[in-house]
1. For segment A:1-58, which semi-axes, largest first and in whole Å, follow from the square roots of 5 times the eigenvalues of its Cα gyration tensor?
2. Could you give me the radius of gyration and the Dmax of the protein assembly as shown, taking only the C-alpha atoms into account and expressing both in angstrom?
3. Per the helix-only calculation at 222 nm, which mean residue ellipticity applies to chain A, given -39500 (n - 2.57) for every DSSP H run of n ≥ 4 and division by its residues, nearest 500 deg cm²/dmol?
4. Largest first and in whole Å, give the semi-axes of segment A:201-314's equivalent ellipsoid, each being the square root of 5 times a Cα gyration tensor eigenvalue.
5. Any idea what diffusion coefficient segment A:27-84 gets from Stokes-Einstein, in µm²/s, Kirkwood Rh on alpha carbon pairs, 37 °C, 0.692 mPa s?
6. Running Debye on segment A:3-169 with equal point scatterers at the Cα sites and no solvent, what base-10 log of I(q)/I(0) appears at q = 0.19 Å⁻¹?
7. Antiparallel as a % of all DSSP beta bridges within the protein assembly as shown, to the nearest 5?
8. Using every Cα-Cα pair within segment A:132-286, state what percent have a distance larger than 24 Å.
Amino acid sequence: MSKVLIVADVFEGELQGSTARAVTCAQDLSPDSVDVLVLSASGSAAEAAAKIEGVTKVLSVERAENEHPLAATFAPQVVAAAKQNDYTHVLGPNTTFGKDLMPRVAALLGVGMITDIMAVNGPHEFERPIYAGNAVVTVEAPGDQVLVASVRCASFDAAADGGSAEVEALSLDAELPSHTRFVSADTGGSSDRPDLASAGKVISGGRGVGSKENFDIIFSLADKMGAAVGASRAAVDSGFVPNDMQVGQTGKIIAPELYMCFGISGAIQHLAGIKDAGTIIAINKDEEAPIFEVADYGLVGDLFKVIPELEEALG
Amino acid sequence: MKVMVSVKRVVDYNVRIQVKGDGSGVNLDGVKMSMNPFDEIAMEQAVQMKDAGTAEEVIAVTIGPAKAEEQLRSALAFGADRAIHVKTDEEIQPLTAARILAKLFEKEQPKVLLTGKQAIDDDANQTGQMTAALLDLPQATFASAIEFDGDKAKVTREVDSGLETIEVDLPAVITTDLRLNEPRYLKLPDIMKAKKKPIDAMSVEDLGIEEAVKLNVTKTAPPPEREPGVMVEDVNELVSKMKDKGLV
């Protein structure tokens, strides 16, 4: 008997793709039901969640305090919803939203939490990565407690659209704190490029790109190939690109069909973010770079020569 | 204000860890141990606050074996005034760690608890948030900039969509991300000075907290290996490989 509650990741009123990935993870629990909790101020996120195949019911809590996903405000509501319907599992995505919120939920429920489920072996047995993915542990959670976990999105495909779950407006008995307040968000302006977390193709650059201006060459190739753009920590630290482009242990963990990287040496922390990529292609000047140990295809060369040649060859 | 910083002893970030053949864990024999890099960033933040006159006292805390005193000595060399060592040889999972930190927080009454956003051994990313929850305090995770103003702090957070700024009332728990600062190199005179600073040692039992039910790790395995790749000679060969695989 597994009754699963998934906390939807909603940003600026829109349902994020990570939610549908958590639904796929939930299906591996052979659940009796999979409900999605949508906390929002307004918008269509609840309707979008109802369309995800495999969702039993959407519980929607609309209130002004939910405009921004503050963990301190959301956690008491998730806890109240979890208790109200006796859920056995409460899952969130391992996006920064879920990483911030889910431990707070677990602590309020008085239970431990499993971060980054990468495989489900049974209703209370999971696999998760440790040491930047250099080891995988099998973890058993107590069967007599509610299980709180985050889902490693790169390990699960998004559940398809096609469902038509009922949306139920939920009123919760939860006191919300006022000690945490949203001030502002900087998303770096809108972009037509695919989203890094879910893109099929990702082109990324590292320290070897050399400067913010030089990164244009990476963007240009990405646009030609319809790819999202990522970066190594070194490139973000050097100010070439903003933090939301960082791929790796502490940035985004991605699983594109194609990951092509330029001027990235391949520190273990970076490799942790790309291990699930279908094909990894590395271009680096240094033939000793560790990135070549994991690349499916490696090319030793100067990225500033290789990229124009590539663009020409790809037409 | 009084600042508390929680630090953890972990395998050094440069070490390539090896999984034991019998699946019982990771081989830690003779492996270099260090302060969790994210906790170093938290330490640096605290010490910068002291340098700027925002913090009067900095207390470093660790939960771990006797040898974790090395990491506390490093914290003291950073500039912490004193340290608390909750000694245990057992593996302490995040909820129990949070209960310990909450207890110490209640005892010491700092204005802010700083800690790294995650430890690079178990990559759990839970302890800060859990501690804040238990104390019913605000949390500001993944901080890349912190600005204190009286009884409030403005914290800029690194999130998937870019940056988000929130305001929290103090006291609060703040977890630190990579770009908050660059931790200093410890200098010999500071390391020498740190040897004389006080460390208050206690056991988990001394604190009278209830340990959380453990998640049971039954097996540790190496990650699935990728097929070995090939080197290509030039762009034309690369493009033809990509076409063969239907990638372009």
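Readers should treat all values here as calculations from the given coordinates under stated rules, not as data from a laboratory. In this text the structure is predicted, and so the values were computed from the model without any measurement. Don't worry about glycine lacking a Cβ; one is built from the backbone with ideal geometry, like all the others, and counts go over all protein chains shown.
1. 20, 10, 9
2. 23.3, 70
3. One gets -7000 deg cm²/dmol as the mean residue ellipticity at 222 nm.
4. Over the Cα atoms of segment A:201-314, the semi-axes work out to 18, 16, 14 Å.
5. Diffusion coefficient, whole number: 267 µm²/s.
6. -1.21
7. 35
8. 47
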